[in-house]
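The values are calculated or read from the model by the stated rules, or taken from the named source; none is laboratory data. Predicted, not measured: the structure shown is a model, and the values here were computed from it. As a convention, Cβ positions derive from the backbone with ideal geometry for all residues, glycine included, and neighbour counts pool all protein chains shown. When the accessible area is computed, the model is the full protein with side chains, heavy atoms only, and any ligands, DNA or RNA have been set aside. Shrake-Rupley method; radii C 1.70, N 1.55, O 1.52, S 1.80 Å.
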Amino acid sequence: MRIRLTSFGSPLACAALICVVLLLSSGTTAAQSKDYLFNDSHFHLTNYIQEGTDIHDFLKVMGNKVGRSTLFGIPLQQQWSYRVDGDRAPSYYLNSDAPLYYYSFTDASIAMAYRSLSKEERARFDPMITGFNPADMYAADHIRRVLQTFPGVFSGIGEFTIHKEFVSAKIESELASLQDKALDRLLDFAAETGLVVLIHNDVDVPFAKEGAPPAYLDQLKALFKRHPNATIIWAHIGVGRVVRPVKEQAAIVEQMVQDPELSHVYFDISWSEVAKYIVASEASRTNAANMINRYPDRFLFGTDEVAPANQEAYLRVYNQYGSLWPLLDPAASEKLRKGNYERIFDQARAKVRAWERAHVKRSGSD
Ligand SMILES: [Zn+2]
């Protein structure tokens, strides 16, 4: 077949032009990746009623400000109980007394959104599996099934929740526990596959008694120590809306960072509530900055935004940390915002793809 190339004169000139265009476009990508502010280690594309930002719109929201991002929905669906809320449709767990339930379809939904992207666009995302009940011994089987159904997609599991203020008690199911064999099975499977584990577990109960030891710290550390081969990120360093940093929080984190049996555990400083505590005062800011400067390989920045409508909303938490950034050593800041994410998730991608090659019969078209 003969192709007419009137405007370019000859096939050779055309090929040369294509080369120039390709060079220019790859140059643009390189410039973007050098200049972006951060990689997002904690991001929800959809909300508590499984609605959210179209992934193509989200790419525009990331623009050249954010390099890569994790990608997950929310494993829990807020029920709209007409008996309880009438026509007032709740969209957040705090909007209603009606329960939450595990919504496994979120994983298929995230996988399909990811697959709707081009190869270059996909490279910017690390999708995570969340649609399982961590109190169920079969949770690990769900994850295996998701990897088998959507090979080539996922890099981690989470954010999933064991103890979370206002949420745990609302879940229409047996209460999750850090001492549950089901959770051990889950983390064993994560270690086997290389899936990064992003776990939310408050360090304490809400409105804890002054001076009492943090309710869940010992159980949590014991859980982490039982799974030395899993790569674990402890979301929000265990604090929440009313679960304030316990008095010795900095000492607790430092002790964990120094514990050789916890060298596989990382800490994310995502969520506006965490930023609120860290930037609250000169002292809290300096303490946090000193910790990150001393152990720059162990902390990750994330937004914890849920289905942001525009870039301003998406960068809210990054901007909230505005007074922390100048206190960080340049190298530590770079690791917190970008480098640690890349190291952890690049390794996970390679491991999970290798597991899939060995365990998924037909590795799919992509
Ligand atoms: Zn979150």
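Structure notes:
- When the test is whether a residue is outside any helix (DSSP H, G or I), among the small types (Gly, Ala, Ser) and at pLDDT 95 or above, Ser333 does not pass it.
- Residue within the stretch 111-124 that is surrounded by fewer than 22 Cβ atoms within 10 Å (Cβ to Cβ) and farther than 20 Å from Leu59 by Cβ present: no
- Elements of type helices (runs of 4 or more DSSP H) in the stretch 268-314, at least 1 residues being small (Gly, Ala, Ser) and within 16 Å of the ligand (Cβ to nearest atom): 272-278, 311-314
- Among the residues of the stretch 314-341, those identified as out of contact with any Gly (no Cβ under 9 Å at 6 or more places or on another chain) and open to solvent by 40 Å² or more (accessible area, probe 1.4 Å) are Arg316, Asn319, Gln320, Ser323, Pro326, Leu327, Asp329, Pro330, Glu334, Lys335.
- Some residue of the stretch 72-94 being away from the ligand (no atom under 16 Å from the Cβ), modelled with pLDDT of 95 or more, over 30 Å from Pro330 (Cβ atoms) and not in a loop (DSSP other than H, G, I, E, B): yes
- Residue list for the stretch 125-163, filter: of a type in the set (Phe, Trp, Tyr), assigned to a loop (DSSP other than H, G, I, E, B) and crowded, with 18+ Cβ neighbours inside 10 Å: Phe132, Phe150, Phe154
- When restricted to residues that are closer than 22 Å to Thr193 by Cα, open to solvent by 70 Å² or more (accessible area, probe 1.4 Å) and not charged (D, E, K, R), the stretch 208-228 contains 1.
- Scanning the stretch 192-207 for residues that are surrounded by 18 or more Cβ atoms within 10 Å (Cβ to Cβ) and more than 21 Å from Tyr103 (Cα to Cα) returns Thr193, Gly194, Asp202, Val203, Asp204.
- Every residue from the stretch 95-124 that is among the polar types (S, T, N, Q) and assigned to a helix (DSSP H, G or I): Asn95, Thr106, Ser109
- Of the set (1) closer than 29 Å to Phe267 by Cβ; (2) open to solvent by less than 40 Å² (accessible area, probe 1.4 Å); (3) modelled with pLDDT under 90, all apply to Phe166 but (2).
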